[in-house]
Each structure stands twice: as structure tokens, then as C-alpha cells.
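Have a look at the structure below, then the notes.
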Amino acid sequence: MRIAGLLLFIGLCVFGVTSSLKICAFNVQSFGESKANNKRVMGLLLKIVSRCDLCLIQEVRDSKGEAIKALVKDLNRFDKSNSYSYVESERLGRKTYKEQYVYIYRKNMLTIKEHFQHPKLEAEGTNETEVFSREPFVIRVQSPTTLVKDFVLIGQHTCPKSAMKEIDELYGVVKQIHKKWKTDNVIILGDLNAGCNYVTIKGWKAVRLRNNPKFHWLIGDEQDTTVRERTRCAYDRIIVHGQEIISGVVPGSAQVFNFKENFHLTEQEALEVSDHFPVEVDLKPTHRYLLRNEL
């Protein structure tokens, strides 16, 4: 009996790896009515997003708000073992071009305690009225199944022309979050345009998120987050800040999800979904949760 109990415990620990919390960020490239009405595209989006416990969707372009509603409704039909909900930002953009950030998440796995749209900031030493083209959308997450129970996500899609300046300004956003919520456990994620022609070696040296050792870049410069074969750029990133959340990351779990290869698509078929691949990372589960649920 003792041997059987020991084997059960070992088995629970092994199986527990699958109970980690997967956090994703996906620029779906002009997600709106057209893609929502395309059954093939929506079918692929369901497969991609349902892999995640929480997914930041970027470039939502639907002013009516129907595309996200349709996606979440289909997710609940597609994956009946989970219950999906979402929280969305304002429509953001300096001129007529507008986008939204949307976090889609499993209500049975986590709770979004608070969220806020970051206010427009004034850039120091310039005459500009704002730094971000699309201000960060911030959520505070309560996750009972992970070692880190309380953490913050900063979703950001930078403007390519001002990518480095916007990435640098995220340092100030982290500081404000610490002041507001008294937490250092922060994950920055999204299409930061942090690669290829939008960044320079000299410019990186002035970016605080880049040269401050408290920020860990989980998606490296050598990664390719683009669908097109002719490009190789690490535009989409995941950056973690705070010792507790850094220790709470499953080693080696941060990666690019190449849905073109995984679903055996041609480049053109993949581009119908997006010109970006999602990026993802897993957070370690709590042992108490593993034992209770497996038993």
C-alpha cells in the first residue's frame, strides 16, 4: 500500500505539469467582421486561443464589438470543459485608425480583479501630448492554481516608428503599477515591434526595460514571431518583472507558437489568420492544487 501511495504521488507530480497556467499574446492583424465571418479562419483561431488560459488579443478593429463576442461564444462551444469570458479596452489610436486590446480568459481558472486603461502621458523633453500610440491596457489577475496568486499584465502594441520610445516608457508604467497596487509581479506582453528595422543596437542601450536586470526578456532576439518566410523578426515579446513571478515561470515554457507548422498550413493559409505568431509562457502550478484536483 505504501508503494502504491508513493507511485500515485509521483504520478500526480508528473501529471501536474499539464496544469500550469498558459498565458499568451496574439496580434490577430485587423481582427474584425471579415475574419469573424470566415469559418476557416475562425476555426483556426479557436484552436490557437483555446490552448491558452489567458490570451491577449491585439489589433481588434471591429467598432461594433461583434467579432470578439462571436469568438468567445464559439470558444465556449468548442471547449466545453472551460468557461471563457473577456475584458476589453477602449478603442485606441491617435487619429481615425483605432484598435482595441482584449483579454480572453478561462473564468474557471482565474479571476480578473481589476483593470484600467493607462492614461495618456506627456513625453519628457518633447512637445508631444502623448507617448503611446495605443496606451497600455492593464489587468490584475488572481490565480488560485499557480504558485504566484496575484500578478499584473500590461498589454501593449507599439507603433513601429516609435517602438523603442514606447518600450522605454513601459518602465514608468511598471513603477506606477507598483505605486497603485503595491506589487512587483508584472508581465509585459504583446507586439512591441521589438525587432528588425524598428530597433537599433545603440537605441537599445537607452531603453530601461532592456538594460535594467530586473526585467527578464523571455522571448529572445533570435526568435521569429512573423508568419512570412522572408522575414525573421522578434516583434512580439514577453517580459517579466519581480522575483516572485520570475521564479514562478515554468523553465523553457516561453516560446513562439508556430501555428503554420503545427496545423500544416501554407504560408498563404496562415496569413489569412495573421502575419504574427502568438507568444506564450506557462506559470508553475501550486502542488496543493495539483493533489486536490488529481485525487
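The values are calculated or read from the model by the stated rules, or taken from the named source; none is laboratory data. This is a predicted model, so every value here is computed, not measured. Glycine also receives a Cβ, built like all others from the backbone with ideal geometry; neighbour counts cover every protein chain displayed.
Residue-wise test of (1) under 30 Å from residue 261 (Cα atoms); (2) surrounded by fewer than 16 Cβ atoms within 10 Å (Cβ to Cβ).
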{"site": "173", "(1), (2)": "no, no"}
{"site": "206", "(1), (2)": "no, yes"}
{"site": "219", "(1), (2)": "yes, no"}
{"site": "234", "(1), (2)": "yes, no"}
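One residue stands out in segment 26-55 among those that are farther than 20 Å from residue 105 by Cβ and either acidic (Asp, Glu) or surrounded by fewer than 17 Cβ atoms within 10 Å (Cβ to Cβ) (or both): the one that is nearest to the chain's Cα centre (by Cα), namely 30.
Would you pick out the residues in segment 258-281 that are farther than 17 Å from residue 42 by Cα and touching a strand residue (DSSP E or B) at 6+ places or on another chain (Cβ under 9 Å)? Matches in segment 258-281: 279, 280, 281. In the set 179, 214, which member is basic (Lys, Arg) and loosely packed, with under 13 Cβ neighbours inside 10 Å? Being basic (Lys, Arg) and loosely packed, with under 13 Cβ neighbours inside 10 Å holds for just one of 179, 214, which is 179. No other residue among 201, 219, 239, 246 is without any contact (Cβ under 8 Å) to a residue 12 or more places away in the chain, among the aliphatic types (A, V, I, L, M) and more than 23 Å from residue 71 (Cα to Cα) apart from 201. Counted as qualifying within segment 140-229 are the helices (runs of 4 or more DSSP H) with 2 or more residues that are modelled with pLDDT of 95 or more and under 16 Å from the mean Cα position of the chain (by Cα), namely 163-181. What about residue 169, is it of a type outside the set (S, T, N, Q), out of contact with any Ser or Thr (no Cβ under 9 Å at 6 or more places or on another chain), buried (at least 20 other Cβ atoms within 10 Å of the Cβ) and in contact (Cβ under 8 Å) with a residue 12 or more places away in the chain? When the stated conditions are applied, residue 169 passes them. Filtered by the rule that a residue be under 17 Å from residue 110 (Cα atoms) and acidic (Asp, Glu), segment 135-164 gives a lone residue, 150. Under the condition of being more than 18 Å from residue 130 (Cα to Cα), of a type in the set (A, V, I, L, M, F, W, C) and assigned to a strand (DSSP E or B), the residues counted in segment 92-113 number 3. When you scan segment 67-79, do you find a residue that is closer than 21 Å to residue 138 by Cα, not hydrophobic (A, V, I, L, M, F, W, C) and not in a helix (DSSP H, G or I), even just one? Checking segment 67-79: not a single residue is closer than 21 Å to residue 138 by Cα, not hydrophobic (A, V, I, L, M, F, W, C) and not in a helix (DSSP H, G or I). The set of residues in segment 232-245 that are assigned to a loop (DSSP other than H, G, I, E, B) and closer than 15 Å to residue 199 by Cα comprises 232, 233, 234, 235. Looking at 83, 89, 133, just one residue is surrounded by 13 or more Cβ atoms within 10 Å (Cβ to Cβ), under 28 Å from residue 39 (Cβ atoms), among the hydroxyl-bearing types (Ser, Thr, Tyr) and in contact (Cβ under 8 Å) with a residue 40 or more places away in the chain, and that residue is 89.
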